[in-house]
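Rule-based calculations on the coordinates, nothing more; no lab input. Since this is a predicted model, take the numbers as computed values, not measurements. Backbone-built Cβ (ideal geometry, glycine too); neighbour counts: all protein chains shown.
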Amino acid sequence: VNTLRESFINVLKDPEMRKDAQKNQMELEYVPPDDILKRIQNVFNQPENVLKTLSKFVKF
């Protein structure tokens, strides 16, 4: 898993990748795994009515 994380970070640092992303108006940002988990948990810790509305747009 650490090798995959390091590889992903290296891809985000790659000048060619950054140039291509900028050309396509994409923003690249590394988000550590713990932060991603917190964001996901935040989504699922919403009131039931919010999750019901969200489920119309996102399947989970």
Give me the pairs, please: first residue somewhere in the range 1-14 and touching a residue at least 60 places away in the same chain (Cβ under 8 Å) and among the β-branched types (Val, Ile, Thr), second residue anywhere and loosely packed, with under 11 Cβ neighbours inside 10 Å and not in a helix (DSSP H, G or I), beta-carbon distance under 6 Å, and either six or more positions apart or on two chains. none
Picking from Lys56, Lys38, which residue would you name as being surrounded by fewer than 10 Cβ atoms within 10 Å (Cβ to Cβ) and not small (Gly, Ala, Ser)? Lys56
I'm trying to understand the selection: among the residues of the range 7-60, which are touching a helix residue (DSSP H, G or I) at 6+ places or on another chain (Cβ under 6 Å) and of a type in the set (A, V, I, L, M)? Val11, Met17, Leu28
